[in-house]
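**Student:** Let me give you the structure first, and then I'll get to my questions.
The values are calculated or read from the model by the stated rules, or taken from the named source; none is laboratory data. Worth saying up front: this structure is predicted, and the values here are computed from it rather than measured. Neighbour counts are summed over all protein chains in view; Cβ atoms, including those assigned to glycine, are modelled from backbone coordinates with ideal geometry.
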């Protein structure tokens, strides 16, 4: 099975995260990897939406989580049967397909019950006087199972409870045997015994089956029509016909109407619990409209998950799409500090100390001699410019500048003008909607010595808008700190022209004594020359929180 590969960035994706995912997926396709798709772990922020629309590029597939679902391990071609199917045909399905559980569905494909081979054998072989005699079937189903031809009467679809007697004795013995039974419930099966034929017809039995393809007198057939007795001729011998008659019962009589079911979109873990803690051999999976999707058994839990991930612009599971720890991670392409989880197999891991993951991806294109195409080149250029704040961030490197020059040639865009266009169109808080959306749009979490903290960042041109929203933003930080259970929640408001950041913090008031930057007012610090969360803010906070803990 060829797995679907999703190239995906971190949660709360920024432009670098989404742009690198799109461009790297294209790179893999150009290398001949067909089963690869760009994805994103969150909705694009206003800046990224502007860039994608500006370049005419569709956003990647949105994956809210990659936790394996029931549909991921399901065979979607289940063997099913209708309730009216004869037991003979149902047993044929069990044999031909090697199954142990047969779902019974209605005309719309909605499951109404299940038949398990084990329960079926137990029920069909149960001893008892009436069970040995009783045959529950319709005349149509019985005729079909016996390959029979109606000589008198015709097929009917109503299920009847019949008592089966074999006419293999003298007429006197036979008549005494059926004494006490309602003739309307009698199914008499015999060969070419005229006396039995006549006695059964005169008594007015429900059905006379003549076996072996043997004849019955014409005058007796005529008398049967007068008496309302159904006469059926079968080519099978009496022993075989008696056995087949019992297999003419409809499946509805053997199905279990109470059964375990699960939706295809439910987590695989829910299926695991149902299978392990119920006594049922299988669970019926249903689509959203209630129709059957497949049959899940314990062996389904061993099926490989049909997709895998390539992580872009991050290597920590705390920043990855939910469920990333449950699927295979094939590659990591990043430019951040290492905090990656262990893997079961060796993988491609590329983490370069550059200003943008798009720089790494662009380098791969150049090294492989693959041309990215005008729109892809422009997208990679946008990723580098936004992540390095038009090369003003201290994270900017010589390699970033080299790749910008290389991408300018292929995109037809001048980087300075393109960068100013992006920040002018998307800078500030207004483009994000609410203050909380602005805070969450680029919010990342980190761990330091057992302490959890998160930092968001918004680029602005001047701080006037920030001071108008400061109180609302601080309320948002309080909520984020509580909801995400953080020790510290902060927001970097970075003026790209003065290259200064105002840092608004909530939690750990002690940091004011060891922050190392001027405190403008309670909870607010001025960090001149600080523009990078990755290279400046987070390392500084790690040191500050270490001092607070000491």
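Each row is one residue, and each column tells you yes or no for (1) within 27 Å of the chain's Cα centre (by Cα); (2) surrounded by 15 or more Cβ atoms within 10 Å (Cβ to Cβ).
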position	(1), (2)
40	yes, yes
51	no, yes
59	yes, yes
76	yes, no
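**Student:** Taking segment 1-34, which residues are over 18 Å from residue 321 (Cβ atoms) and within 18 Å of the chain's Cα centre (by Cα)?
**Tutor:** Of everything in segment 1-34, those that are over 18 Å from residue 321 (Cβ atoms) and within 18 Å of the chain's Cα centre (by Cα) turn out to be 1, 2.
**Student:** Here's a follow-up. Hey, can you tell me all the residues within segment 334-367 that are within 25 Å of residue 58 (Cα to Cα) and assigned to a helix (DSSP H, G or I)?
**Tutor:** The answer is 357, 358, 359, 360, 361, 362, 363, 364, 365, 366.
**Student:** Considering only residues that are surrounded by 18 or more Cβ atoms within 10 Å (Cβ to Cβ) and either in contact (Cβ under 8 Å) with a residue 24 or more places away in the chain or in contact with a strand residue (DSSP E or B) (Cβ under 8 Å, 6 or more places away or on another chain) (or both), which ones fall in segment 400-422?
**Tutor:** 400, 403, 406, 407, 410, 411, 413, 415, 418, 419, 422
**Student:** Quick one: count up the residues across segment 276-305 that are at pLDDT below 90 and out of contact with any strand residue (DSSP E or B) (no Cβ under 6 Å at 6 or more places or on another chain).
**Tutor:** Count: 14.
**Student:** Which residue, of 495, 464, is at pLDDT below 95, in the same structural domain as residue 533 (by TED's automatic domain parsing), more than 25 Å from residue 394 (Cβ to Cβ) and surrounded by fewer than 19 Cβ atoms within 10 Å (Cβ to Cβ)?
**Tutor:** Exactly one of 495, 464 is at pLDDT below 95, in the same structural domain as residue 533 (by TED's automatic domain parsing), more than 25 Å from residue 394 (Cβ to Cβ) and surrounded by fewer than 19 Cβ atoms within 10 Å (Cβ to Cβ), namely 464.
**Student:** Does residue 235 count as touching a strand residue (DSSP E or B) at 6+ places or on another chain (Cβ under 7 Å) and either in a loop (DSSP other than H, G, I, E, B) or in the same structural domain as residue 340 (by TED's automatic domain parsing) (or both)?
**Tutor:** It is false that residue 235 is touching a strand residue (DSSP E or B) at 6+ places or on another chain (Cβ under 7 Å) and either in a loop (DSSP other than H, G, I, E, B) or in the same structural domain as residue 340 (by TED's automatic domain parsing) (or both).
**Student:** Take residue 313 and tell me if it is modelled with pLDDT of 90 or more and within 17 Å of residue 11 (Cβ to Cβ).
**Tutor:** Yes: the conditions hold for residue 313.
**Student:** Go through (1) touching a residue at least 12 places away in the same chain (Cβ under 8 Å); (2) within 16 Å of residue 358 (Cβ to Cβ) for residue 425 and report which single condition fails.
**Tutor:** (2)
**Student:** Please enumerate the residues belonging to segment 319-343 that are surrounded by fewer than 21 Cβ atoms within 10 Å (Cβ to Cβ) and farther than 27 Å from residue 397 by Cα.
**Tutor:** 322, 323, 325, 326, 327, 328, 330, 341, 342, 343
**Student:** Restricting attention to segment 485-528, report how many residues are closer than 30 Å to residue 422 by Cα, in contact (Cβ under 8 Å) with a residue 40 or more places away in the chain and not in a strand (DSSP E or B).
**Tutor:** Qualifying residue count, segment 485-528: 2.
**Student:** I'd like to know if segment 366-374 contains one or more residues that are over 25 Å from residue 458 (Cα atoms) and under 33 Å from the mean Cα position of the chain (by Cα).
**Tutor:** Yes, the conditions are met somewhere in segment 366-374.
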